[in-house]
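Everything on this sheet refers to the single structure shown next.
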Amino acid sequence: MQATDSNEAEGAPVFDPRSRQDVYRVAAETMDLINRHDALPDPVSYAVWFAFAARSNGALVEAVSKRLSKSETLSPFEIAEIFAAFLEGGSASALSQTIGLKFEDSLTAVSELIVEGSKNNASFRATLDALGKRIPAAGTAGDIDAIVSRLVVENEKMSRAMETLDKGLAESKAQIERLNAELEEMQQLSLRDPLTEVANRRAFDTRLAEMIRVANATHSAFCLAMTDIDHFKRVNDTLGHHNGDLVLKGFSAVLQKNTKGKDMVARCGGEEFAIILPQTSIVAGHNLMVKIASEVRGARFVSDSDHDRIGRITASFGVCEYTPGLSGDDLFERTDSRLYAAKRSGRDCVRSDLSP
């Protein structure tokens, strides 16, 4: 089903949150979407589908539509990821909006300071012009003294105004520098998976598109690998989600330990990770995944509460080398098919373009 089957269709009514009629209409559409896409009607899921039905957040609508173009449903992980990115109070988009407003305030303050400085300059010039016209007519020493005294007073006033302007501009500059640092930090956080601290899907998509552009321009090779933890649902079901999170952190640490330089490890789904390997041949990429699979197999994943061993964890891997002409989606799907070939072969193994 296409996402446009919902109220994405052209000409859908604009949602007014102050209208009871609109709220009831969108609530009904939300439940219809939840049922149609086999989603859980929990608060987070409801919030995402409500925003999608209301079209109140363009970026969210685009993100949901993109996922629905590939699948009939959104996984709980995808729902949580969309909620965190577009609706949660501390999300990157909310922080970006806050920082943007602070930037606007700072720039407004600078503009006001400049306007005030211009007014002071104009006033000072007008006073000098007036006093200059009085000098030729000054007939006595007293007249000259009065003009000089006025000049001293005006000069002191202008000096104080310039000091205030300089101080205000310096404070505004410092504030803008702080905001730039906050914005840079926020942008980095928005590209990182909060649990494992590796890159998230957004960062991965951007990097993959850039890798394809560079590969086409320079005829350089690179590989894409995909991996996920075997029987991960069993870990969550038997040991709880907290220990499942520990496994994800430990697994991502093994991936990061075995990658370096411009390699990128990204979390693309619940237990699914992607690895971009620049300037890497399929032979090197395949061998690296074999090495990582062995390390995962021998790793000690433990609970942080009692330090008991969680159990033996294995992972399956798929690897493809980029072929000129492929899109990012094409390469992702080819690599994903290699990953599922590994799972069909019994898991805990690597399948690549080298595999039979």
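In the range 331-356, the residues that are closer than 18 Å to ASN287 by Cβ form Cβ pairs under 8 Å with partners that are of a type in the set (Ser, Thr, Tyr) and open to solvent by 60 Å² or more (accessible area, probe 1.4 Å), at six or more places apart or across chains, as follows: ARG351/SER345.
The requirement of being part of a loop (DSSP other than H, G, I, E, B), more than 31 Å from the chain's Cα centre (by Cα) and closer than 30 Å to ALA80 by Cα is fulfilled nowhere in the range 265-282; no residue meets it. Right, ALA209: open to solvent by 30 Å² or more (accessible area, probe 1.4 Å), at pLDDT 90 or above and in contact with a helix residue (DSSP H, G or I) (Cβ under 6 Å, 6 or more places away or on another chain) or not? So ALA209 passes the test. Pairs linking a residue in the range 37-57 that is in contact (Cβ under 8 Å) with a residue 24 or more places away in the chain and part of a helix (DSSP H, G or I) to a residue that is open to solvent by less than 70 Å² (accessible area, probe 1.4 Å) and among the small types (Gly, Ala, Ser), with Cβ atoms under 8 Å and 6 or more positions apart or on different chains, are VAL44/ALA80; SER45/ALA39; PHE50/ALA27; PHE52/SER6; ALA53/SER6. Condition (residue is assigned to a helix (DSSP H, G or I) and crowded, with 19+ Cβ neighbours inside 10 Å) applied to the range 228-237: is it met by at least one residue? Yes: one or more hits.
Is there a residue in the range 320-329 that is at pLDDT 95 or above and either of a type in the set (Asp, Glu) or surrounded by fewer than 19 Cβ atoms within 10 Å (Cβ to Cβ) (or both)? Checked against the condition, which is being at pLDDT 95 or above and either of a type in the set (Asp, Glu) or surrounded by fewer than 19 Cβ atoms within 10 Å (Cβ to Cβ) (or both), the range 320-329 yields at least one hit.
Looking only at residues that are touching a strand residue (DSSP E or B) at 6+ places or on another chain (Cβ under 9 Å) and either in a loop (DSSP other than H, G, I, E, B) or free of Cβ contacts under 8 Å to residues at least 12 places away in the same chain (or both) in the range 190-205, which one is surrounded by the fewest Cβ atoms within 10 Å (Cβ to Cβ)? Here the answer is LEU195.
For the range 238-264, the set of residues classified as of a type in the set (Val, Ile, Thr) and part of a helix (DSSP H, G or I) consists of THR238, VAL247, VAL254, listed by residue number. Any chance the range 240-251 includes a residue that's open to solvent by less than 20 Å² (accessible area, probe 1.4 Å), modelled with pLDDT of 90 or more and among the aliphatic types (A, V, I, L, M)? So far as the range 240-251 goes, yes, one or more of its residues are open to solvent by less than 20 Å² (accessible area, probe 1.4 Å), modelled with pLDDT of 90 or more and among the aliphatic types (A, V, I, L, M).
The values are calculated or read from the model by the stated rules, or taken from the named source; none is laboratory data. Predicted, not measured: the structure shown is a model, and the values here were computed from it. Quick reminder, even Gly has a Cβ in these numbers, built from the backbone with ideal geometry, and neighbours come from all protein chains shown. Each accessible area value is taken on the protein alone, full model and side chains, heavy atoms only, with ligands, DNA and RNA left out. Shrake-Rupley method; radii C 1.70, N 1.55, O 1.52, S 1.80 Å.
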